[in-house]
1. Would you say Gly399 is buried (at least 17 other Cβ atoms within 10 Å of the Cβ) and touching a Pro at 6+ places or on another chain (Cβ under 9 Å)?
2. Among all residue pairs at least 6 apart or on different chains, which show Cβ distances below 7 Å where the first residue, located in the stretch 269-283, is on the phi > 0 side of the Ramachandran plot and the second is of a type in the set (A, V, I, L, M)?
3. With Thr304, Thr273, Thr248, Thr287 as the choices, which residue is farther than 24 Å from Ser506 by Cα and out of contact with any Phe, Trp or Tyr (no Cβ under 8 Å at 6 or more places or on another chain)?
4. Is the stretch 452-469 home to any residue that is surrounded by fewer than 21 Cβ atoms within 10 Å (Cβ to Cβ), in contact (Cβ under 8 Å) with a residue 60 or more places away in the chain and in contact with a Leu (Cβ under 8 Å, 6 or more places away or on another chain)?
5. Touching a strand residue (DSSP E or B) at 6+ places or on another chain (Cβ under 6 Å) and β-branched (Val, Ile, Thr): does that describe Thr376?
6. Is it true that Lys6 is open to solvent by 80 Å² or more (accessible area, probe 1.4 Å), at pLDDT below 85 and assigned to a loop (DSSP other than H, G, I, E, B)?
7. If I ask for residues that are open to solvent by 20 Å² or more (accessible area, probe 1.4 Å) and either assigned to a loop (DSSP other than H, G, I, E, B) or touching a residue at least 40 places away in the same chain (Cβ under 8 Å) (or both), which ones from the stretch 230-244 would you list?
8. Could you list, in sequence order, the residues of the stretch 314-344 that are charged (D, E, K, R) and touching a residue at least 24 places away in the same chain (Cβ under 8 Å)?
Amino acid sequence: MNCASKTLFSSSYICQFTVSIRLVTLWFASRAVSGEVPVEPMVSKKTGLLYEKRLIERHISDYGKCPVTGELHTIDDIVSIKTGKIVKPKPLHTASIPGLLGAFQTEWDSLMLTNFSLEQQLHTARQELSHALYQHDAACRVIARLKKERDEARQLLSEAERQLPAAPEAATANATLSNGKRAADGGEQGPDAKKMRLGISTEVITELTDCNAALSQQRKKRQIPPTLASIDALEKFTQLSSHPLHKTNKPGIFSMDILHSKDVIATGGIDTTAVLFDRASGQILSTLTGHSKKVTSIKFVGDTDLVLTASSDKTVRIWGSSEDGNYACRHTLKDHSAEVRAVTVHATNKYFVSASLDSTWCFYDMSSGLCLAQVTDDSEKVDYTAAAFHPDGLILGTGTAQSIVKIWDVKSQANVAKFGGHTGEITSVSFSENGYFLATAALDGVRLWDLRKLKNFRTFEFPDANSVEFDHSGSYLGIAASDIRVFQTASVKAEWNPVKTLPDLSGTGKATCVKFGPDAKYVAVGSMDRNLRIFGLPSDDSTEDSAQDS
């Protein structure tokens, strides 16, 4: 090789080496910007640096300068260059087995550290959750205690308000007892003296009168619903189900009521509890505990969430639904001095009456639980064992242990009529929805009374009749005694034909209460065992299986 050739070869080699060094420099410059080998390389006319196309165009549009040198640049200052396929070099630590093992060890250590950190965070979260749950539980206990103290304070305040003496001026000007008679000068003395009551005010009387007028007008247009169960259907009634709702140590259902709009049945038991039972699902909705003796009467308050219970422990309780669906006692009323045998709700659903063996009945305001009037008949001493409002709300019917049925004018609390003829304690009274008939049950049987002529027009001799009930349409009459009888209602002169006799399957020989379901589609029966029994057409309730008596 001659000298010229050597010189040319050397110059070519130096040129290629210089280009290679330049490309490596550009590659590292590009890596400095993106951290990656450029896929679409572009070079700057000003700095000669190599960039990734998408990165440098975005950077120049945002900042207008080179990301490496900081010189001002425009899109026209960079040009694309053509390159061959770039093979990304492998990292040095993955080029050998020891390097791979080291990389795996590093990853494993990192994973273990991350796992340890997560476990620490989980432990901390568990501690925080445990602390939060403890605080929530403590707060719930405090709230429950405060609610209990609030209810007790309300009860004490209510009792104090009832016992407050009337103002001297009011006592002198218009001091009247709850039965409308003037109080003696100087008030009543002695432990047996009757408490002074606020009385039924003019506003309340106006409200009762307006309700009476509206309901009387509606009754004139009242028609039997087409969905009412027919006589043929009632004749085919059989037991659909039996539900053990009360305790076995004190068996017996003493009272019952049905909320037709929701098909919920309430039962009062000898075991001191009341049970709300959803017939459709066959489930107990709530158990009301608080009375110390048997629940003698139970009533729903219209379509509201209120329930009334009366008990042999001399008290009446008003129950209301709480947020969790259970029922809590809102008021405990202690105005009677003997066993309370009945409660009945006025058509306004704002007032109710309780009847007791202490020879008085009380008229209450539902919202406050205040006794507005405590009524007694001074002409004769009787013990009240049953009570029911007339559908129009201005008449109250009461039964007594002395076999007398008394009719009261609610506005004046005056006894306007009384019926004799029974020879045993009156156990139940029920007004027909037509407003003309009153049915009374006693130990000697059942009697029907014509309220227009104030006389007895029919008698059913069923010994030990415990309950009598008209259905909501006034088309059927149910009687609970040693068995359960259903009659078709008629007029004063026409016959009241028997429709169905249902056996008492409790084995006790004593059915204590009977109620008709919505549209008389079923009959609910309570007996001296702990079971609620439902009688109806199997086709109407095919999902319910007949339960065996417990």
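1. Considered against the rule, which asks whether it is buried (at least 17 other Cβ atoms within 10 Å of the Cβ) and touching a Pro at 6+ places or on another chain (Cβ under 9 Å), Gly399 comes out as no.
2. If the second residue must be of a type in the set (A, V, I, L, M), the pairs left are Thr272/Val295.
3. Exactly one residue qualifies, and that residue is Thr304.
4. Within the stretch 452-469 (the criterion being surrounded by fewer than 21 Cβ atoms within 10 Å (Cβ to Cβ), in contact (Cβ under 8 Å) with a residue 60 or more places away in the chain and in contact with a Leu (Cβ under 8 Å, 6 or more places away or on another chain)), the answer is no, since none of the residues qualifies.
5. no
6. No; evaluated as a whole, the condition is false for this residue.
7. Ser230, Ile231, Glu235, Lys236, Thr238, Gln239, His243, Pro244
8. Selection gives Lys314, Arg317, Arg330, Lys334, Asp335, Glu339, Arg341.
The values are calculated or read from the model by the stated rules, or taken from the named source; none is laboratory data. No experiment lies behind these values; they were computed from the predicted model shown. Ideal geometry is used to build each Cβ from the backbone, glycine not excepted, and the neighbour counts take in all protein chains shown. Please note that ligands, DNA and RNA were not included when accessible areas were found on the heavy atoms of the full protein model with its side chains. Shrake-Rupley method; radii C 1.70, N 1.55, O 1.52, S 1.80 Å.
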